[in-house]
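Down below is the structure, laid out as structure tokens.
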Amino acid sequence: MEKNLKINPACDDRCPVRASLTLLSGKWTLMILFQINENTVRYGELKRAVVGISEKMLIQELNMLVEHKLVTKKVYPQIPPKVEYQLTELGLKTLPIVDKLAEFGLENLV
């Protein structure tokens, strides 16, 4: 009896899994994307929603997400500063991945 084995290419620099992980593998990345979701979220809301993240890490992760064009950042010229984050079209494409991870966690881990 023959099994149909799928042979995947090597995980080199052109590997799609490696490329995806480069964008999404930060410890807090998926949790931040999960919290922003389809909403417009202010920095303080994210800080409260992502429990355990330090201010430094949240800023670094948000800057990385903006740099990779997954999130947009809008700064309002006022005092105190008002900053809002929203997913881009590319960021919205990550939501099914995040939803599947949340579903897996609910079914198997929580």
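The values are calculated or read from the model by the stated rules, or taken from the named source; none is laboratory data. This is a predicted model, so every value here is computed, not measured. Positions of Cβ are generated from backbone atoms using ideal geometry, with glycine treated the same way; all protein chains shown enter the neighbour counts. These area figures cover heavy atoms from the full protein model, side chains too; ligands, DNA and RNA do not enter into them. Shrake-Rupley method; radii C 1.70, N 1.55, O 1.52, S 1.80 Å.
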From the gyration tensor of the Cα coordinates in the chain, what semi-axes in whole Å does the equivalent ellipsoid have, largest first, with each one equal to sqrt(5λ)?
32, 17, 12
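Using the heavy atoms of the protein chains alone and a 1.4 angstrom probe, what is the accessible area of the chain per residue in square angstrom?
Working: 8420 Å² over 110 residues.
Each residue of the chain exposes 77 Å² on average to a 1.4 Å probe.
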Residue-wise HN-Hα coupling along the range 16-21, computed from phi with Karplus coefficients 6.51, -1.76, 1.60 (Hz; x: Gly, Pro)
x, 5, 4, 4, 5, 5
Sorted by chain and number, the residues with a modelled amide H under 5 Å from that of Arg42, at a separation of 5 or more or across chains, are Tyr85
Between Val83 and Asn8, what length comes free when the chain is fully extended (0.36 nm per residue of separation minus the Cα-Cα distance, one decimal in nm)?
22.7 nm
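Could you work out what % of the accessible surface of the range 1-102 is carbon and sulfur, using a 1.4 angstrom probe and leaving DNA, RNA and ligands out of the count?
Numbers: 4360 of 7590 Å².
Carbon with sulfur: 57 percent of the solvent-accessible area.
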Apply 1/(1 + (r/R0)^6) to the Cβ-Cβ distance of Phe104 and Gln60, taking R0 = 30 Å, and write down the FRET efficiency to the nearest 0.05.
0.65
Per-residue HN-Hα couplings for the range 76-92 [Karplus 6.51, -1.76, 1.60; θ = phi - 60°; Hz; x = Gly/Pro]
9, x, 8, 10, x, x, 10, 10, 10, 10, 8, 6, 7, 4, 5, x, 5
Karplus ³J(HN,Hα) for the range 94-107 (6.51 cos²θ - 1.76 cosθ + 1.60, θ = phi - 60°; Hz, whole; x = Gly/Pro) runs 7, 4, x, 5, 4, 4, 5, 5, 5, 4, 4, x, 5, 6
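Counting helices only, and only those DSSP H runs with n ≥ 4, report the 222 nm mean residue ellipticity of the chain as the sum of -39,500 (n - 2.57) divided by its residues, in deg cm²/dmol to the nearest 500. Before the final figure, lay out the partial values.
Values: 6 runs with 55 residues, N = 110.
Mean residue ellipticity, 222 nm, calculated: -14000 deg cm²/dmol.
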Compare Lys27, Lys69, Lys100 in a GNM of the chain, Cα atoms joined below 10 Å, and give the one with the largest fluctuation.
Lys100
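In whole percent, what relative contact order does the range 16-109 give with Cα contacts below 8 Å and a gap of six or more residues?
Relative contact order, the range 16-109: 32 percent.
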